[in-house]
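Shown next, in structure tokens, is the structure this report addresses.
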Amino acid sequence: MQRTRGIVRYPGGMLKRDYTTQYCSMAATLEIIGERWTILIVRDVFLGIRRFDDLQRSLGVARNILQTRLERLVEHGILRKKAYQEHPVRYEYRLTSKGADLWPVLMSLLQWGDRYAIDGERPVIVEHRGCGGELDDRRRCVLCGADVSVTEALAVRTGARRAPSGATVPA
């Protein structure tokens, strides 16, 4: 562990802050899932990407960083490892009920990003499996009015891509 300007650097590149003056649920949550790669790993597992090599390819993250973040998510009970191959043993990562409880958080981040961070077509739309209606900001189907749980939702990639740098997005 090495301390630099109030930031504590831990093995594996994780950054931690000392919250000695804060007894705060939000700060404690950020200690677990607040790092960029961690939340993107959880996002990809929600999208159905569960194997190490597939996660690495999807995210473009260094293998050692991915391994560290996956271990931490398993350690905190957000993901569980399930063997899918015996020789050599290979695992996929599945959400636990604790991990599934992050769904409203991810949906809020997605919808905030659609509204304020993306210029152009949305890259993912979340639909109700039952009728195909899109979900609103309260995770309610706009078509049939049902309150939709994580198991009743389907994330659909639109194929939208980031505009090349320097390109302007029509108003």
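Derivation of every value follows stated rules applied to the coordinates shown; laboratory data play no part. The model shown is predicted, which means the values in this text are computed figures rather than measured ones. We place every Cβ from the backbone using ideal geometry, glycine too, and count neighbours over all the protein chains shown.
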Notebook entry, point to check: Residue by residue through the stretch 51-58, which ³J(HN,Hα) values in whole Hz follow from phi under the Karplus form 6.51 cos²θ - 1.76 cosθ + 1.60 (θ = phi - 60°), with glycine and proline marked x?
Noted result: 9, 3, 4, 5, 5, 4, 5, 5
Item checked: Gyration tensor verdict on the stretch 88-128 (Cα atoms; rounded if a/c is under 1.5, prolate if a/b is larger than b/c, oblate otherwise) -> prolate
Next item on the list: Can you put MET26, MET107 in order of Cβ neighbours within 10 angstrom, beginning with the fewest?
Entry: MET26, MET107
Check: How large is ³J(HN,Hα), in whole Hz, for each residue of the stretch 25-35 in order, when computed from phi with the Karplus curve 6.51 cos²θ - 1.76 cosθ + 1.60 and θ = phi - 60°, using x for Gly and Pro?
Finding: 4, 5, 4, 5, 5, 5, 4, 8, 10, x, 7
Check: Amide H to amide H under 5 Å from ARG51: which residues, 5+ apart in sequence or cross-chain, H placed 1.01 Å off N in plane?
Finding: TYR93
Check: Given H placed 1.01 Å from N in the peptide plane, which residues other than close sequence neighbours of LEU79 have an amide H under 5 Å from its amide H?
Finding: VAL74, THR96
Check: Whose amide H sits under 5 Å from the amide H of VAL124, counting only residues 5 or more places off or on another chain, with H placed in the peptide plane?
Finding: THR158
